[in-house]
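Below you'll find the structure, written out as structure tokens, and then a few comments.
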Amino acid sequence: MKYHRALLLAGLVGALLFILNVFANWYGWYDHISFFDKGMHMLGGIFVACALLWSFFRYCSKEGMRTVSMLFLTSLFVGLLWEVYEYIVQGITGTHLATIPDSLGDLAADAIGAAAGILLCWGKKTVQ
């Protein structure tokens, strides 16, 4: 069934995100590798979209453009919440985590990842 593919992809991407984040924090990749965080945001978008698709395929039966739009916007909302979290942490700790251009780029990467996740999990089925 379709939801198995979404669950498998969400699990694989989630594990990859975890492992990459551990090494990135350990070795300072966020500071030393240009645009590393954008790749992580794209992977995060894929993860969120696939996880949402899994739950939707598992518990609902409707499909169509309304579903795709809802999943895409929910994935973007999760990215927006992450950016708010970064600004809160920045305010509390005094570290430099985000700027407005960086946050906009992160949200664009989240959108690309969400779209990729939807396309990867949805398969070849035509969205109406």
Does at least one position in the range 100-111 carry a residue that is at pLDDT below 85 and within 21 Å of LEU12 (Cα to Cα)?
no
Open item on the list: Any residue that is in contact (Cβ under 8 Å) with a residue 60 or more places away in the chain and outside any helix (DSSP H, G or I) - is there at least one of those in the range 86-96?
Closed with: no
Per the list (1) more than 16 Å from LEU107 (Cβ to Cβ); (2) surrounded by 17 or more Cβ atoms within 10 Å (Cβ to Cβ); (3) out of contact with any helix residue (DSSP H, G or I) (no Cβ under 6 Å at 6 or more places or on another chain); (4) not charged (D, E, K, R), residue check on ALA51 breaks on (3)
The correct count of residues that are closer than 16 Å to GLY113 by Cα and small (Gly, Ala, Ser) in the range 16-42 is 1
Listed by first then second residue, the pairs whose first member lies in the range 99-128 and is at positive phi, whose partner is surrounded by 15 or more Cβ atoms within 10 Å (Cβ to Cβ) and at pLDDT below 90, with beta carbons under 9 Å and at least 6 positions apart or on separate chains, are GLY123/LYS2; GLY123/ARG5
Within the range 1-45, the count of residues that are over 24 Å from SER55 (Cα atoms) and not β-branched (Val, Ile, Thr) comes to 18
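Taking TRP26 as the residue in question, decide whether it is of a type outside the set (Ser, Thr, Tyr), in a helix (DSSP H, G or I), buried (at least 16 other Cβ atoms within 10 Å of the Cβ) and free of Cβ contacts under 8 Å to residues at least 60 places away in the same chain.
In short, no.
The values are calculated or read from the model by the stated rules, or taken from the named source; none is laboratory data. Fair warning: this is a prediction, and the values are worked out from it, not measured in the lab. Cβ atoms come from the backbone with ideal geometry, glycine included; neighbour counts cover every protein chain shown.
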